[in-house]
Amino acid sequence: MTQLPVQTIHRDPQLLYWILFPITLVMILTGVLRHYATILMATAPKKLDQKTLREQRSLLHGIAVRSNFHTLSKPSFVARREALTAAYESGAYLKAPENRGQAPPNPMSDPSSMEGMMGMMKGQMAMIIPNTLIMSWINAFFSGYVIMKLPFPLTIKFKSMLQAGVATRDMDPRWMSSISWYFLCYFGLQSVFNFLLGSDNCAAASQMAAQMGQMGPQQAQMFGPGTDPDKQFLAEAENLAVIEHYSVLDEVEQRLLEGIKV
Amino acid sequence: MPPSLLHPPSQLSPSAALQLSQQAPNVLSESLSAVSSSPFSLFSAAETPELWIKYENLLLSCLRTGDERAAHQCLERLTTRFGATNERVMALAGLVKEADAQNPEDLEKVLKEYDEVLSEDSANIPITKRRIALLRSMGRTSDAVSSLVQFLSFSPTDGEGWAELADLYLTQGLYQQAIYALEEVLVMAPNAWNVHARLGEMQYMAATAPGASVSYQKCMAEAIKRFSRSIELCDDYLRGYYGLKLVTSKLLKESAKPSKPSEEGEFALPDTRTMEKLNELASAKLSEIVRRSTAREAGWRGYDELEVAAARDLLSEETSAHSARER
């Protein structure tokens with residue numbers, strides 16, 4: 001079995017100073033800049049008026065009664081259930097009772113929901129624009145040659161990741177091109193930003209994506225645009241109606257006498 | 001445990017509040033350089049929410065102990081950071097104004113300011129609450145109750161509001177309404193043992209109040225259950241044991257027979273044996289608490305002195321009654 005000869009490519013040592021460091025530095029500075037840009041562009045959450053507040057909190061109240069019914073005695077629970085169900089079904093808590101039964105307004109035409117979408121757009125723009133600029137900058141100046149050799153061996157699968165922009169078939173995957181270094185920085189600088197900006201920064205790519213994934217759908221489900229509060233109230237009334245009541249106070253004396261030792 | 005500026009100081013004893021407000025010169029002498037949100041904060045300590053919580057709690061403690069100069073400084077810093085239109089800062093500013101008021105006319109003026117704010121933005125919750133508290137401290141209880149009910153009709157998930165309403169009703173002797181309001185607090189915080197015990201106390205008061213219209217046995221039965229639940233959740237809670245002992249002793253003395261609950265789902269009194277056991281349990285634990293906290297043992301010092309004294313009185317009353325009967 002013949003040992004493959006170790007590939008050696010003679011690189012100018014200046015590559016390190018003129019490409020590797022500048023790319024890293026630019027990436028970090030863009031991250032910091034993006035963090036502050038996002039803070040500046042963030043709009044304060046819109047203030048709710050009293051009726052909206054009432055609509056949302058009444059629903060939450062019903063949910064609280066439904067999930068904590070066991071702290072109440074049966075008569076108190078039944079009284080609450082009757083009051084809440086009657087109010088929900090008659091639409092007493094609705095913000096706009098005259099719109100009852102109509103289809104919910106199209107979220108695209110509603111100005112208040114447009115604002116939320118604009119916010120999301122702004123966030124995405126803050127990601128896309130600098131990334132496009134940096135990538136084209138790197139492509140224009142540094143594409144087409146390798147800049148460093150990783151100090152550990154890699155399998156052939158990494159070739160497409162690390163040698164983007166260098167179309168050489170037989171080169172060892174340990175050689176790395178500048179655009180690949182850019183990608184590595186893009187995904188790997190999270191901890192650097194945590195160090196510089198604190199853990200709740202909005203500089204890095206991965207966190208941004210995670211936030212979009214988690215926060216978005218839940219919020220939208222509850223009170224977001226396009227949901228019909230009347231339907232939510234009716235569903236909640238039904239949820240309350242099917243509760244089989246028991247109380248945590250049933251048999252509490254026996255539990256106490258068995259469970260506690262002085 | 002020394003009082004910390006990071007917790008709201010409303011429950012502290014006067015001496016602890018004084019201790020906190022004496023930290024004011026130290027806290028206020030710290031420079032405000034950390035407050036900027038410019039990019040240069042990269043190189044200085046980052047601004048933390050704790051800092052502002054500290055200022056807020058310091059403000060409250062200082063108002064309580066009469067150090068109004070420091071309170072004004074705290075308010076000034078909070079205002080420069082969050083702006084005068086921040087709801088929470090508005091409420092704190094109102095609080096400082098109330099404290100500065102020299103006579104009832106000044107208070108009326110503050111009240112009018114609150115009304116103006118609320119006519120512009122009726123959903124300003126901190127100011128709504130301040131207005132209710134001011135009405136209450138001015139002695140206009142019925143106004144306070146009606147505003148509070150109005151507030152809770154648009155914000156029924158506010159546990160603080162419900163607790164305040166329960167307290168207001170209780171001062172007026174409206175026990176059933178107070179119990180209803182306190183049950184709402186439990187709906188919001190189902191495992192709050194202090195609220196369970198408080199509800200037991202209210203049931204007891206409702207049962208023993210002169211001219212009570214509600215079923216005596218039902219209220220006493222629920223009181224026992226509430227106290228038991230409170231002990232189940234926190235097995236060192238003095239008020240829970242105290243109430244349990246008080247109610248069971250009273251029932252045993254009257255040798256009440258458990259009757260069938262009149263309505264389906266209502267609680268019935270436990271049988272005499274169970275009540276005796278509960279009474280024994282409460283006496284044993286109470287005397288342990290009294291003994292250990294009087295001896296200042298480690299881990300038993302957090303009890304309020306007045307509560308321990310009350311427990312001691314309850315226990316000694318019991319023993320003296322026993323010895324009198326034996327003689």
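The values are calculated or read from the model by the stated rules, or taken from the named source; none is laboratory data. Values in this document were obtained by computation on a predicted structure and should not be read as measured data. No Cβ is skipped: glycine too gets one built from the backbone with ideal geometry, and neighbour counts run over all protein chains shown. Quick note on the areas: whole protein, heavy atoms, side chains included, nothing else; ligands and nucleic acids left out. Shrake-Rupley method; radii C 1.70, N 1.55, O 1.52, S 1.80 Å.
Scanning region A:78-96 for residues that are open to solvent by 40 Å² or more (accessible area, probe 1.4 Å), closer than 14 Å to A:Lys231 by Cα and in a helix (DSSP H, G or I) returns A:Glu89, A:Ser90.
On inspection, B:Ala284 qualifies as within 14 Å of chain A (Cβ to nearest Cβ), of a type in the set (A, V, I, L, M), assigned to a helix (DSSP H, G or I) and open to solvent by 20 Å² or more (accessible area, probe 1.4 Å).
Restricting A:Leu48, A:Leu59 to residues that are surrounded by 11 or more Cβ atoms within 10 Å (Cβ to Cβ), outside any helix (DSSP H, G or I) and hydrophobic (A, V, I, L, M, F, W, C) narrows the list to A:Leu48. Taking every residue in region B:299-317 that is open to solvent by 60 Å² or more (accessible area, probe 1.4 Å) and pairing it with any residue that is among the aliphatic types (A, V, I, L, M), at least 6 positions away or on another chain, the pairs with Cβ-Cβ distances below 9 Å are B:Arg301/B:Met1; B:Gly302/B:Met1; B:Asp304/B:Leu238; B:Arg312/B:Leu286; B:Arg312/B:Val290.
B:Ala71 - would you say it is not in a helix (DSSP H, G or I) and not basic (Lys, Arg)? In short, no.
Name the residue, out of A:Leu48, A:Leu53, A:Leu72, A:Leu60, that is touching a residue at least 12 places away in the same chain (Cβ under 8 Å), closer than 30 Å to A:Thr227 by Cβ and facing chain B (nearest Cβ under 8 Å). That would be A:Leu72, the only listed residue that is touching a residue at least 12 places away in the same chain (Cβ under 8 Å), closer than 30 Å to A:Thr227 by Cβ and facing chain B (nearest Cβ under 8 Å). For A:Leu33, the requirement of being open to solvent by less than 20 Å² (accessible area, probe 1.4 Å) and in contact (Cβ under 8 Å) with a residue 40 or more places away in the chain is not met.
Of everything in region A:36-45 that is more than 9 Å from chain B (Cβ to nearest Cβ) and not polar (S, T, N, Q), the residue that is surrounded by the most Cβ atoms within 10 Å (Cβ to Cβ) is A:Ala37.
Would you point out the residue of region B:183-202, among those that are open to solvent by less than 10 Å² (accessible area, probe 1.4 Å) and more than 9 Å from chain A (Cβ to nearest Cβ), that is nearest to B:Cys234 (Cα to Cα)? The qualifying residue nearest to B:Cys234 (Cα to Cα) is B:Ala197.
Return yes or no: is A:Phe21 away from chain B (no Cβ under 11 Å) and over 27 Å from the mean Cα position of the chain (by Cα)? Answer is yes for this residue.
Taken over region B:84-123, the residue count meeting the criterion of being touching a residue at least 24 places away in the same chain (Cβ under 8 Å) and under 25 Å from B:Ser61 (Cβ atoms) is 14.
When the residues of region B:208-222 are filtered to those that are open to solvent by less than 20 Å² (accessible area, probe 1.4 Å) and in contact with an Asp or Glu (Cβ under 9 Å, 6 or more places away or on another chain), the one that is farthest from the other protein chains (Cβ to nearest Cβ) is B:Ala221.
Could you please let me know if B:Leu135 is in a helix (DSSP H, G or I) and touching a Leu at 6+ places or on another chain (Cβ under 6 Å)? Spelling it out, it is not the case that B:Leu135 is in a helix (DSSP H, G or I) and touching a Leu at 6+ places or on another chain (Cβ under 6 Å).
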